[in-house]
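> Take this structure, written in structure tokens, and hold onto it; I'll ask about it next.
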Amino acid sequence: MDLQLALLFLQQGVASGLVVGSVYALLALAIVIIFKTSEVPNFAQGEMLMAAGYVALYLLVFRALPAWASISMTIVVAFAGAALFRRVVLTQVAHASGSPVNLVIATLGLSYVLKGLVRQTGFGDTPRSFPALVSTDSLMIGQASVTRLDLAILGTAIIVMAAFFWMFGYTKLGRAMRSVGMNPKAAQLVGVNLNRIHTIIWGLSGAISAIAALLISPKLLMTADMGSVVTLGFAAAIVGGFASLPGAVVGGFIIGIVEQLVGLFVSSRAITLAPFLAIMLVLILRPQGLFGGRVVIKKV
Amino acid sequence: MSKRATGRLTALAATCIAVMSLPVAGSAQEPGLSDKTIKIGMFAPLSGPNMAYGFDVANAARMYYDKINKEGGINGRKIEVVLEDDRCNANDLVAAVKKLVEQDQVFLLNGGSCSAAVVAAKDYVVRSKIPLIMLNASGDGALYPPTDYIFGAFSISQYAVGGSIVDFAAKTFGAKKIAYINHDDAYGVWNLEGSKADAEAHKVDLQVESISPTITDVTAPFFKLRAANPDALAIVTYARPAALLIKKAYELGFTKPIILSVTGTANLSQLVENVGSKDALKNFYVQDVLADLPGGPKIKWVYDMYKEAYPDLAAKPDHPQAYMPYGIPPAMSIVNALKEAGPQPTREKVLEALKKQHFDTGVMAGPVVFGPQERAANKSTIFIKFDGTNQVLQPGVYTSRWQYKG
């Protein structure tokens with residue numbers, strides 16, 4: 001490979017990696033906010049994204065609603081659905097057994113329910129395209145070729161993440177969420193309503209998944225299995241540090257760029273392998289993730 | 001023991017052996033065979049998300065059997081079909097096969113529309129020594145290495161899919177360098193092996209990128225292929241990655257011919273929708289395995305027969321399903337083999353007849369050809385130029401050179 005080609009591949013890899021990485025970062029963020037506050041990895045996050053994508057497709061294509069209405073309704077439906085699941089199902093499961101394993105299994109159950117529901121509608125029988133709301137004309141940035149849609153995805157993801165960090169850092173609700181993440185009992189003692197905060201966090205996680213779905217669906221083709229993209233969100237969360245919000249974002253970009261560079265410089269076959277190699281390397285060299293705190297061993 | 005007793009015992013043993021070696025009444029008649037009927041066990045996806053792969057294919061085979069029955073049957077016997085739903089799922093398919101063989105006692109099996117599922121039945125079929133003539137599954141995994149009992153790829157084998165696409169690109173565009181993208185699974189390996197045989201024959205340089213069927217971003221593999229400056233792009237993938245690649249090629253201004261394998265063409269109108277613009281299909285060709293365009297004059301009789309046999313289904317907008325005509329060649333193959341086996345057919349006679357088959361179905365691009373080492377029926381394809389609206393048949397039939405070498 002000559003130097004000029006290597007430079008072209010490098011620029012393209014970084015540009016494309018930032019675009020897809022921004023979506024992985026959003027997904028990682030959605031996973032981490034739930035884990036940080038309840039220590040439950042949400043294995044239905046991918047299916048929440050998939051279901052939100054189909055809701056948007058239904059409203060935008062089959063009901064021909066305007067884009068602004070479809071987008072806002074999708075986000076509201078995703079927020080409400082996820083919050084309802086927390087309020088109705090997870091609360092009951094927690095009361096019934098109190099074992100975190102059962103909560104994890106409940107999220108697995110939700111993933112199957114959502115997949116089944118989409119298949120039942122018939123929309124998931126064939127790969128479907130989600131209409132791009134921004135032009136897909138190409139632009140050159142240096143030697144890298146990206147579309148206007150790519151730039152819109154990256155820009156929107158950054159705005160959403162910035163808004164989320166602002167909310168988390170500078171609002172009363174955000175501070176309450178952080179306190180629940182740090183020490184739920186202490187937070188309750190100072191008047192934080194744990195149930196309400198958990199429900200809002202689940203709702204926010206659903207809404208972030210819906211935004212990720214709206215961003216990535218025009219680039220993927222929609223199928224009932226498209227939720228598998230969440231694996232890369234988990235990879236991003238692990239690389240960044242499972243309990244670190246900035247780590248989740250950086251992890252998303254790292255996974256996106258690594259995927260592209262491995263595809264361009266090593267082999268297309270290795271694209272699917274790259275995130276898992278990154279996870280293994282991080283777990284071996286820095287088990288708490290790049291931005292995770294020190295490993296704390298809880299005494300039983 | 002006295003000599004007399006020993007003699008008696010010897011005589012008794014000899015009598016027993018003689019009695020045991022006598023033919024038992026009725027055992028000469030094979031399972032599923034009576035004086036008036038031949039029972040054929042069919043299985044196909046009749047429900048579930050993969051129904052489009054085989055529901056109407058099974059219907060096509062059944063209507064052909066009905067036609068033979070109306071014409072008097074085979075050597076005086078009518079064909080009786082027992083049909084099971086396999087849902088294109090390995091577990092359901094193996095259960096259906098076992099039921100057909102053990103409970104329904106069929107004479108032979110005719111089924112399988114999904115390769116991975118039908119390959120799961122291979123061991124049982126071979127152990128049971130029952131002929132299995134697949135419907136439209138390529139089923140390469142069950143065809144190579146060849147066994148005495150399994151015949152398939154009436155639509156086409158995966159080896160031939162890859163080989164014939166290179167044959168087309170080399171002959172039609174004079175391509176000397178072909179960008180070739182396949183899957184990194186067993187299908188992709190078979191496709192590529194066939195392609196390499198034809199690339200070698202045409203002295204074509206294949207630039208290969210193998211991708212996961214679940215790939216979400218095709219930028220990297222497409223960029224690498226484009227950097228090789230190929231004369232044509234051959235996409236040998238399933239429908240979803242194929243649509244992503246065509247879309248990416250359009251976004252990046254790729255203008256060389258794009259050729260899509262039959263594995264990615266289940267629904268062309270959906271493909272147009274998925275690539276986002278008809279402009280993406282300006283220099284676009286799709287592979288097909290029929291003898292003519294779907295509904296074209298050469299195969300119109302199949303569509304007419306379907307309308308007559310299933311008027312209610314034919315009135316529905318999504319019927320006949322795209323693969324419907326693929327059900328005719330395996331049914332023809334079975335009927336020809338049963339005729340060849342004569343008035344007292346046995347499974348062995350039918351299997352011997354199948355191994356020698358060479359006939360033109362009038363439905364597929366190439367003839368059905370089996371041989372001592374050949375269990376894949378069809379190796380030929382046609383190509384259609386598709387601009388998003390119109391389909392124009394390209395001249396010629398393109399065949400894979402790949403041969404099983406053992």
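Yes/no per residue for (1) in contact with an Asp or Glu (Cβ under 8 Å, 6 or more places away or on another chain); (2) within 14 Å of another protein chain (Cβ to nearest Cβ); (3) over 14 Å from residue A:20 (Cα atoms):
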site	(1), (2), (3)
A:202	no, no, yes
A:211	no, no, no
A:221	no, yes, yes
A:224	no, yes, yes
A:228	no, yes, yes
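> Please verify whether residue B:195 is in contact with a helix residue (DSSP H, G or I) (Cβ under 7 Å, 6 or more places away or on another chain), buried (at least 24 other Cβ atoms within 10 Å of the Cβ) and not in a helix (DSSP H, G or I), treating the condition exactly as stated.
No, not satisfied.
> Further, regarding this structure: State whether the residues of segment B:219-237 include one that is closer than 16 Å to residue A:218 by Cα and within 11 Å of chain A (Cβ to nearest Cβ).
yes
> Conditions: (1) hydroxyl-bearing (Ser, Thr, Tyr); (2) more than 23 Å from residue A:168 (Cα to Cα); (3) away from chain B (no Cβ under 14 Å). Residue A:16 meets all but one. Number of the miss?
(3)
> Follow-up. Just for helices (runs of 4 or more DSSP H) wholly inside segment B:86-169: which have at least 2 residues that are touching a Phe, Trp or Tyr at 6+ places or on another chain (Cβ under 9 Å) and surrounded by fewer than 24 Cβ atoms within 10 Å (Cβ to Cβ)?
Here the list reads B:90-98, B:122-128.
> Next question, about the same structure. Condition first: within 14 Å of chain B (Cβ to nearest Cβ) and surrounded by 15 or more Cβ atoms within 10 Å (Cβ to Cβ). Can you find one or more residues in segment A:162-170 that meet it? So that I can check it myself, show each step before the final result.
Filtering segment A:162-170 down to residues within 14 Å of chain B (Cβ to nearest Cβ) leaves none.
Within segment A:162-170, none of the residues are within 14 Å of chain B (Cβ to nearest Cβ) and surrounded by 15 or more Cβ atoms within 10 Å (Cβ to Cβ).
> Kindly indicate whether residue A:242 is surrounded by 21 or more Cβ atoms within 10 Å (Cβ to Cβ), within 18 Å of residue A:33 (Cα to Cα) and modelled with pLDDT under 90.
Answer is yes for this residue.
> Do any residues in segment A:84-111 that are closer than 17 Å to residue A:41 by Cβ have Cβ atoms under 9 Å from those of residues that are of a type in the set (Val, Ile, Thr) and outside any helix (DSSP H, G or I), where the two are at least six apart or on different chains, and which pairs are they?
Close Cβ pairs satisfying both conditions: A:90/A:40; A:100/A:40; A:103/A:40; A:104/A:40; A:106/A:40; A:107/A:40.
> Residue B:175: outside any strand (DSSP E or B) and surrounded by 24 or more Cβ atoms within 10 Å (Cβ to Cβ), yes or no?
Taking the combined requirement at face value, the residue satisfies it.
> With respect to residue A:111, determine if the residue is of a type in the set (Gly, Ala, Ser) and surrounded by 15 or more Cβ atoms within 10 Å (Cβ to Cβ).
Taking the combined requirement at face value, the residue satisfies it.
> Tell me, yes or no, whether segment A:28-43 has at least one residue that is in contact with a Gly (Cβ under 6 Å, 6 or more places away or on another chain), part of a helix (DSSP H, G or I), under 30 Å from residue A:103 (Cα atoms) and within 14 Å of another protein chain (Cβ to nearest Cβ).
Checking segment A:28-43: not a single residue is in contact with a Gly (Cβ under 6 Å, 6 or more places away or on another chain), part of a helix (DSSP H, G or I), under 30 Å from residue A:103 (Cα atoms) and within 14 Å of another protein chain (Cβ to nearest Cβ).
> Give the number of residues within segment B:291-304 that are more than 17 Å from residue B:390 (Cβ to Cβ) and not hydroxyl-bearing (Ser, Thr, Tyr). Don't jump to the end; show me each part of the working.
If we filter segment B:291-304 for residues that are more than 17 Å from residue B:390 (Cβ to Cβ), which is where we start, we get B:291, B:298-304.
Of the ones still in play, those that are also not hydroxyl-bearing (Ser, Thr, Tyr) are B:291, B:298-302, B:304.
Summing the residues that are more than 17 Å from residue B:390 (Cβ to Cβ) and not hydroxyl-bearing (Ser, Thr, Tyr) in segment B:291-304 gives 7.
> Okay, moving on. Failed condition for residue A:124, given (1) free of Cβ contacts under 8 Å to residues at least 24 places away in the same chain; (2) under 16 Å from residue A:224 (Cβ atoms); (3) not β-branched (Val, Ile, Thr), with all others met?
Residue A:124 satisfies every listed condition except (1).
> Going by what's in this entry, would residue A:207 be described as closer than 29 Å to residue A:126 by Cβ and part of a helix (DSSP H, G or I)?
So residue A:207 fits the description; yes.
> Another question, then. For segment A:236-281, which positions are hydrophobic (A, V, I, L, M, F, W, C), farther than 23 Å from residue A:42 by Cβ and either more than 14 Å from chain B (Cβ to nearest Cβ) or in a helix (DSSP H, G or I) (or both)?
Across segment A:236-281, the qualifying residues are A:257, A:258, A:261, A:262, A:264, A:265, A:270, A:274, A:277, A:281.
> Which is away from chain B (no Cβ under 14 Å) and either in contact with a strand residue (DSSP E or B) (Cβ under 9 Å, 6 or more places away or on another chain) or part of a helix (DSSP H, G or I) (or both), of A:118, A:104, A:146?
Working: A:118 fails: away from chain B (no Cβ under 14 Å); A:146 fails: away from chain B (no Cβ under 14 Å).
Only one candidate qualifies: A:104.
The values are calculated or read from the model by the stated rules, or taken from the named source; none is laboratory data. Quantities reported herein were computed from a predicted structural model and do not represent experimental measurements. Virtual Cβ from ideal backbone geometry, glycine too; neighbours counted across all protein chains shown.
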